[in-house]
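Input: a single structure, listed below in structure tokens.
The values are calculated or read from the model by the stated rules, or taken from the named source; none is laboratory data. Since we're looking at a predicted model, the values are computed, not measured. Note: ideal-geometry Cβ built from the backbone for every residue, glycine included; neighbour counts use all protein chains shown. These accessible areas exclude ligands, DNA and RNA; they are computed on the full protein's heavy atoms, side chains included. Shrake-Rupley method; radii C 1.70, N 1.55, O 1.52, S 1.80 Å.
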Number of protein chains: 2
Amino acid sequence: MHLKSKYKKLLNNALEAGGQRSTKQREHIFALLLEKRDHPTADEIFARARSGMSTISLATVYNCLETLVETKLIRQVNFEREPTRYCPNLTQHAHFYCRESGDIVDIELPEKVLSELMQVLPKGFSAQHIEIAYDGKCNDCHDAVN
Amino acid sequence: MHLKSKYKKLLNNALEAGGQRSTKQREHIFALLLEKRDHPTADEIFARARSGMSTISLATVYNCLETLVETKLIRQVNFEREPTRYCPNLTQHAHFYCRESGDIVDIELPEKVLSELMQVLPKGFSAQHIEIAYDGKCNDCHDAVN
DNA sequence: CTATATGCAAATAGTTTGCCTGTTA
DNA sequence: TAACAGGCAAACTATTTGCATATAG
């Protein structure tokens, strides 16, 4: 089975499980998020979506993204007050934001570090989720001659 | 020396160091952030500021907060798309957001955990800052009978 | 006295909503 | 064919900006 049918099945199963319908727009947006995993904003997704689906609207992009987040196929990534970005990597990971290039890179987190972060919580606190965001200078920007 | 003159001196030194003027409004806002350290939003700060300084405007609240952040007397805290909150605790710490009460609690982070988080970064990456946000259920909300 | 901060109102950016039409199951 | 999704424009919220007046150094 090729990639396209694989994600289609994944998408349709998840939508069905959440009592949601499968539509061209949802499929299109999910496909382009998987294709280029660079944490685009809704506006960027809208721009990409229009090539190949010229009639799609920005509101639909927002609606589809919301549905995909609810069905847990993608997640949102926020940096300060910047526009929300979208990420199809569902493993527990952090994000690194490069101040120079603006690139966002996934950072894998060892289980050990995660469990230590949980142990740091005071008695009586339980966390459902930890969001970890680094910011600094990425590999490429260190390599580049300044 | 009582608290009031202590923070006044701290504020004035920091402002002077940053080439910024000392104003009634800046002082008032800094004082109320220190007084009730509950991570208020700009709107909440505006409401509190007006009792005691009825003529202050929301734009001035934003301007003062920006100045205080720039002079490193306070820091901003962001949760998802929610309005920015302000925090006078300058130690390296994380935030815990309780989904039930909406309260935000400072979580102290041991040096060891922080250095492990730095070591997790791929070769060539350097971070200036790590932002860590937990969300879940706080102590008080666990204790309460549901 | 002069640069800078305040206060007000209008502007902006990102996102959401309402309403009508089109599509899916 | 009934319920839900899409498209468009208008609304909304948090924040920023422009400009005239007030204030700090």
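Across the range B:72-85, computed HN-Hα scalar couplings (Karplus, 6.51 cos²θ - 1.76 cosθ + 1.60, θ = phi - 60°) run 6, 8, 9, 10, 8, 10, 10, 10, 6, 8, 6, x, 4, 10 Hz from first to last residue, x flagging Gly and Pro. By a straight-distance test (C-alpha under 26 Å), which lysines pair with A:Lys137 as possible cross-link partners, with residues fewer than eight away in the same chain excluded? Of all the lysines, those that pass the test against A:Lys137 - Cα under 26 Å, at least 8 places apart if same chain - are A:Lys36, A:Lys112, B:Lys72, B:Lys112, B:Lys123.
Phi angles of the range B:31-36 translate, via the Karplus equation with coefficients 6.51, -1.76, 1.60 and θ = phi - 60°, into HN-Hα couplings of 4, 6, 6, 6, 5, 10 Hz per residue; Gly and Pro are given as x. Along the axis of the charge dipole computed for chain A (Cβ charges of +1 for Lys and Arg, -1 for Asp and Glu, origin at the Cα centre), the listed residues A:Leu73, A:Pro110, A:Asn13 are led at the positive end by A:Asn13. Inter-copy label distances for A:Ala59: 3.2 nm (label point placed 7 Å from Cα along Cα→Cβ; shortest first). Scanning chain A for cysteines with no neighbouring cysteine C-beta under 4.7 angstrom from their C-beta gives A:Cys64, A:Cys87, A:Cys141. Think of each Lys and Arg Cβ as +1 and each Asp and Glu Cβ as -1; about the Cα centre, that makes the dipole of chain A roughly 740 debye. Taking Lys and Arg as +1 and Asp and Glu as -1, the other residues whose beta-carbon sits under 9 Å from that of A:His93 total -2.
For the rotational copy pair A/B, the chain A residue whose Cβ lies nearest the symmetry axis, together with its distance in Å, is A:Ile132, 3.
Taking amide hydrogens as placed 1.01 Å from N in the peptide plane, the amide H of B:Ser101 sits under 5 Å from those of B:Cys138, each at least 5 positions away in sequence or on another chain.
Close amide H pairs (under 5 Å, H built 1.01 Å from N) link B:Arg75 with B:Cys87, B:Asn89, residues at least 5 positions away or on another chain.
The angle between the Cα long axis of helix B:3-17 and the main principal axis of chain B comes to about 90°, on a 0 to 90 degree scale. Counting only alpha carbon atoms, the long axis of helix B:58-70 and the longest principal axis of chain B meet at about 60°.
Using a probe radius of 1.4 Å on protein heavy atoms only, what is the accessible area buried between chains A and B, both sides summed, to the nearest 100 Å²?
3300 Å²
Placing +1 on each Lys and Arg Cβ and -1 on each Asp and Glu Cβ, with no other charges, gives the range A:68-146 a dipole about its Cα centre of roughly 320 debye.
Here A:Lys6 is the anchor, and the aspartates and glutamates within straight C-alpha reach of less than 18 Å, apart from those fewer than 8 places off in the same chain, are A:Glu16, A:Glu27, A:Glu35.
Which whole-number percentage describes the relative contact order of the range B:17-146, with Cα contacts under 8 Å and a sequence gap of 6 or more?
Computed value for the range B:17-146: 21 percent relative contact order.
Sort out for me the Cα centre separation of the range B:48-98 from the range A:49-97, rounded to whole Å. That distance is 28 Å.
Of the residues B:Ala42, B:His129, B:Cys141, the one whose Cα sits farthest towards the positive end of the charge dipole of chain B is B:Ala42 (charges of +1 on Lys and Arg Cβ, -1 on Asp and Glu Cβ, taken about the Cα centre). Between the amide H of B:Tyr134 and those of A:Glu131, B:His95, B:Phe96, B:Tyr97, distances stay under 5 Å, these residues lying 5 or more places away or on another chain, with hydrogens modeled in the peptide plane.
Leaving out ligands and nucleic acids, note down the accessible area per residue over chain B with a 1.4 angstrom probe, in whole Å².
On the way: 8190 Å² over 146 residues.
Value returned for chain B: 56 Å² of accessible area per residue.
In terms of its C-alpha gyration tensor, chain A comes out oblate, because a/c is 1.5 or above while a/b does not outweigh b/c.
Taking a sphere under 9 Å around the Cβ of A:Gln20 and counting the other residues whose Cβ falls inside, with K and R at +1 and D and E at -1, yields a net charge of 0.
Accessible area of chain B with a 1.4 Å probe: how many percent of it is carbon plus sulfur? Each step should come with its number before you reach the end.
Working: 4140 of 8190 Å².
Solvent-exposed carbon and sulfur of chain B make up 51 percent of the total.
Placing a label point 7 Å from Cα along the Cα-to-Cβ axis, B:Ala47 is separated from the same position in the other copies by 3.9 nm, shortest listed first. Computed from backbone phi, the HN-Hα couplings of the range B:20-30 come to 10, 7, 8, 10, 3, 5, 4, 5, 4, 5, 4 Hz, rounded to whole numbers (Karplus: 6.51 cos²θ - 1.76 cosθ + 1.60, θ = phi - 60°; Gly and Pro given as x).
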